[in-house]
Amino acid sequence: MMNFNRTTAQWQELDRDHHTHPFSDPKALGEKGTRVITKAEGSYIWDSDDNKILDGMAGLWCVNVGYGRTELIEAADRQMRQLPYYNSFFQTSNPPQIELSRLLSEVTPEGFNHFFFAGSGSEANDTNVRLVRHYWDIKGQPKKKTFISRHNAYHGSTLAATSLGGMGYMHNMGGEGGSLLPGFEHIGQPFWYLEGGDMTPEEFGLMRAQELETKILELGADSVAAFIAEPIQGAGGVIVPPATYWPEIQRICKKYDILLIADEVICGFGRTGNWFGSETMGIKPDLITMAKGLSSGYLPIAAIGMQDDFFAVLNGGGDINHGYTYSGHPVASAVAIANIHYIRDHNLVEKVREDTGPYLHAGLQHLVDSHPIVGEVRGRGLMAGIQLVKDKASRTTFSGDEDAGTVCRDHCFSNNLIMRGVGQSMIISPPLTISRIEIDELLAKAKI
Ligand code: PLP
């Protein structure tokens, strides 16, 4: 039996000695010691010293229905007893993965009726790369292999997902460009506040979208397979593109016959006040990447949604030589089904759109008006970024060695609030079940 009766110091020592953490410096973390999270309920988590912490990040933007939901727990328990595992390779299927596919065709935007499953958002984006290249090959355009994404984008950590992403420090792990595959190109991000200079947001949005056209012409349209982006960029700092951006991107993709992939790993399942961020931003993608909110993080599962036209091509193209042992895992699928029902039954999408989302943003707007270092608040629904600045008038940020985001994150952490620092921004992405009273607590704790 696992021994849960350890002191915080004992956990930290074992953690340092045996557990290597993602996105962390092992030595520095070992010296500092991790905060060990032991239980959770609703919008709160507890650490091993029994501190109650408000989770303003829903884990990693994923626990959309909040913690401790018996509907999801019982779905896992039932399915584990009935059929804990079977694969979907070699002509087998199982009821949860079939039912989940059907249910996804109800909640995803019109025309999405076909779903391929993976274990994580990164695997799902890898799958996009492989399926899209397969698609163009079937269509007799095998040269169409290059993917275009944006600087500072995050699409996951596998090699292809790292390459799709635009984070330099990830590309350079393993030496300069050591984790960047050929066939992946990047253009500027539509981050008006810090990069827009004297332009209006509309001019800037158009300019950044047109970088896609320039890149396509530089590479040759016959070599470009797809453009991928989040409807609202999450880990990059909750960047909402100006209104001119997405229509222009959509126009360019259509003109040059380039597929559009919406990475909805964060934006999906109600986060922005609609089921999908594509609806919030008025985009019509060919493919949608889903993970996180698909199961509210209770079990790992991800999916790629395909438009009918896209799937019709695969459907005539022979074997799909791609898949994972855990594609459509029955227990994870059963939990995802219970999760979607929970979101529906509790009207969480409407609640975010009409109640808690506007309430959070109104509270945050107050910070812009009153706090000396809050320059801008961005986002939609329950997804928000707070831009920290040294000087509001000139939109000047703190310099790199004054990492304001990390300072504020640590302040919140010691104040029993989880918020994330991304460069010079603070990120908020709480469970979609958060109440107004909990939002008040979040705003009060976030203030320095
Ligand atoms: N895409 C986006 C937009 C993400 O935010 C993430 C993770 O944060 C991923 C993909 C990768 O998902 P995962 O961590 O499940 O591999």
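Being under 16 Å from residue 193 (Cα atoms) and not polar (S, T, N, Q) is a description that does not apply to residue 224. Would you be able to tell me the number of residues in segment 63-98 that are modelled with pLDDT under 95 and surrounded by 13 or more Cβ atoms within 10 Å (Cβ to Cβ)? Residues in segment 63-98 being modelled with pLDDT under 95 and surrounded by 13 or more Cβ atoms within 10 Å (Cβ to Cβ): 2 in total. Among the conditions (1) more than 16 Å from the ligand (Cβ to nearest atom); (2) closer than 30 Å to residue 25 by Cα; (3) in contact (Cβ under 8 Å) with a residue 40 or more places away in the chain; (4) not hydrophobic (A, V, I, L, M, F, W, C), residue 176 misses just one, which is (3). Filtering segment 324-370 to residues that are free of Cβ contacts under 8 Å to residues at least 24 places away in the same chain and hydrophobic (A, V, I, L, M, F, W, C) leaves 362, 368. Screening residue 306 on (1) surrounded by 16 or more Cβ atoms within 10 Å (Cβ to Cβ); (2) more than 25 Å from residue 114 (Cβ to Cβ) shows it passes everything except condition (2).
Taking the numbered list (1) within 15 Å of the ligand (Cβ to nearest atom); (2) in a strand (DSSP E or B) in turn, residue 241 passes all entries but (2). Regarding residue 389, is this residue under 12 Å from residue 193 (Cβ atoms) and modelled with pLDDT under 95? Yes. Each residue in segment 150-163 was checked for being within 9 Å of the ligand (Cβ to nearest atom) and either within 16 Å of residue 267 (Cβ to Cβ) or not hydroxyl-bearing (Ser, Thr, Tyr) (or both), and 5 of them qualify. Checked against the criteria, residue 43 does not count as of a type outside the set (Lys, Arg) and more than 25 Å from residue 270 (Cβ to Cβ).
Just one of the listed residues (282, 297) is of a type outside the set (A, V, I, L, M), touching a Cys at 6+ places or on another chain (Cβ under 7 Å) and closer than 24 Å to residue 229 by Cβ, and it is 297. Quick one: in segment 10-67, which of the residues that are touching a strand residue (DSSP E or B) at 6+ places or on another chain (Cβ under 9 Å) and of a type in the set (Ser, Thr, Tyr) is farthest from residue 297 (Cα to Cα)? Only one residue tops the list, namely 48.
Residues of segment 239-270 that are closer than 18 Å to residue 432 by Cα and under 10 Å from the mean Cα position of the chain (by Cα): 264, 265, 266, 267, 268. Of everything in segment 156-204 that is among the hydroxyl-bearing types (Ser, Thr, Tyr) and not in a helix (DSSP H, G or I), the residue that is surrounded by the fewest Cβ atoms within 10 Å (Cβ to Cβ) is 200. Inspection of segment 128-149 finds a residue satisfying the criterion of being within 16 Å of the ligand (Cβ to nearest atom), crowded, with 20+ Cβ neighbours inside 10 Å, touching a residue at least 40 places away in the same chain (Cβ under 8 Å) and polar (S, T, N, Q).
Residue under question is residue 333, and the condition is that it be away from the ligand (no atom under 12 Å from the Cβ), in a helix (DSSP H, G or I) and closer than 15 Å to residue 93 by Cβ; does it hold? Yes. The residue that is farthest from residue 338 (Cα to Cα), counting only those in segment 258-304 that are in a strand (DSSP E or B) and more than 14 Å from the ligand (Cβ to nearest atom), is 259.
The values are calculated or read from the model by the stated rules, or taken from the named source; none is laboratory data. No experiment lies behind these values; they were computed from the predicted model shown. Note that each Cβ is placed from the backbone with ideal geometry, even for glycine, and that neighbours are counted across all protein chains shown.
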